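Peer 1: One structure is given below, represented as structure tokens, and several questions about it will come after.
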Amino acid sequence: TQLLEQSPQFLSIQEGENLTVYCNSSSVFSSLQWYRQEPGEGPVLLVTVVTGGEVKKLKRLTFQFGDARKDSSLHITAAQPGDTGLYLCAATPLDDPSNTGKLIFGQGTTLQVKP
Amino acid sequence: EPEVTQTPSHQVTQMGQEVILRCVPISNHLYFYWYRQILGQKVEFLVSFYNNEISEKSEIFDDQFSVERPDGSNFTLKIRSTKLEDSAMYFCASSYWGLPLENEQFFGPGTRLTVL
């Protein structure tokens, strides 16, 4: 069974601080996505990483895929109250025999940025 | 920007009743998915659908569940006889590629199903 473990589960910081969220697994993934989910809404895709070691930037957000494609991190620089939300990692297992693209989700990291 | 839509946003039903959740995927997408999220828990995969047939289903997706793409635009999830434990947010997702290396899935806003 493939599992994605996110840490920390909860994070409360002051505006302007930096933070990093981690997504780890013992499994190898062919691709990994980061989503943001607001209460009562669907996950919104932020980024997809595919290549081991890949780094992508989205304004103040930096995403990295581990060299072995087993883990990923999301770093936010100078967090703002608007960054508050639930951040989810989701990935497609490399050894998925069905090859249907189903996503395995982490349990999420709830971020609160206080003004 | 194209988006996945879902109706209704909230469905309340009595245990044992049938419900149909509807989704309109992004128009040029080829792969369709249903996921569910029980309150406070992870998003869980239910079923994937491609070329008018189920390509994979999870253990959750038992005989009470079915999916259909009746008219080339709508994608539905039917639960024949709802149980209390079916109460959850149900998300529809679609992707163009559907292959592992290019599997970007876009999610709808969800339907909150409450079974009483």
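Peer 1: Can you compute the charge dipole magnitude of the range A:5-114 about its Cα centre, using +1 on each Lys and Arg Cβ and -1 on each Asp and Glu Cβ, nothing else charged? Give it in debye, rounded to the nearest 20. Walk me through the numbers on the way to the answer.
Peer 2: Values: 9 positive and 11 negative charges, 43 e Å.
Value, rounded to 20: 200 debye.
Peer 1: Dipole of the range B:5-115, Cα-centred, from +1 at each Lys and Arg C-beta and -1 at each Asp and Glu C-beta, to the nearest 20 debye?
Peer 2: Details: 9 positive and 13 negative charges, 67 e Å.
In total the dipole reaches around 320 debye.
Peer 1: Quick one: what do you get for the protein assembly as shown if you divide its Cα Rg by 2.2 N^0.38 Å?
Peer 2: Working: Rg = 17.6 Å, N = 231, 2.2 N^0.38 = 17.4 Å.
Taking N as the residue count of the protein assembly as shown, the ratio is 1.01.
Peer 1: Still on this structure, I have one more. To check my understanding: the extent here is largest minus smallest coordinate of the Cα atoms along each principal axis. What are those three numbers for chain A, in Å, largest first?
Peer 2: Principal extents (largest minus smallest coordinate, Cα): 47, 30, 20 Å.
Peer 1: With unit charges on the beta carbons (Lys and Arg positive, Asp and Glu negative) and the dipole taken about the Cα centre of the protein assembly as shown, which residue among A:S27, B:Q64, A:P81 sits farthest to the positive side?
Peer 2: Final value for the positive-end residue is A:P81.
Peer 1: Once Rh for the range A:47-109 is found with the Kirkwood sum over Cα pairs, what is the Stokes-Einstein diffusion coefficient at 10 °C and 1.306 mPa s, in µm²/s?
Peer 2: On the way: Rh = 13.1 Å.
Reported coefficient: 121 µm²/s.
Peer 1: If you take the alpha carbon radius of gyration of the range B:4-91 and divide it by 2.2 N^0.38 Å, what ratio comes out, to two decimals?
Peer 2: Values: Rg = 12.5 Å, N = 88, 2.2 N^0.38 = 12.1 Å.
For the range B:4-91, the normalised Cα radius of gyration comes out at 1.04.
Peer 1: Let me check something: with ligands and nucleic acids excluded, how do A:K57, B:K83 order by accessible area (1.4 Å probe), largest to smallest?
Peer 2: On the way: A:K57 160, B:K83 65 Å².
From most accessible down to least: A:K57, B:K83.
Peer 1: Which of these, A:G82, A:G66, A:G52, has the largest mean-square fluctuation under a Gaussian network model of chain A (Cα springs below 10 Å)?
Peer 2: Judging by the Gaussian network model, the answer is A:G82.
The values are calculated or read from the model by the stated rules, or taken from the named source; none is laboratory data. Because the structure is a prediction, the values reported are computed rather than measured. Neighbour counts are summed over all protein chains in view; Cβ atoms, including those assigned to glycine, are modelled from backbone coordinates with ideal geometry. Please note that ligands, DNA and RNA were not included when accessible areas were found on the heavy atoms of the full protein model with its side chains. Shrake-Rupley method; radii C 1.70, N 1.55, O 1.52, S 1.80 Å.
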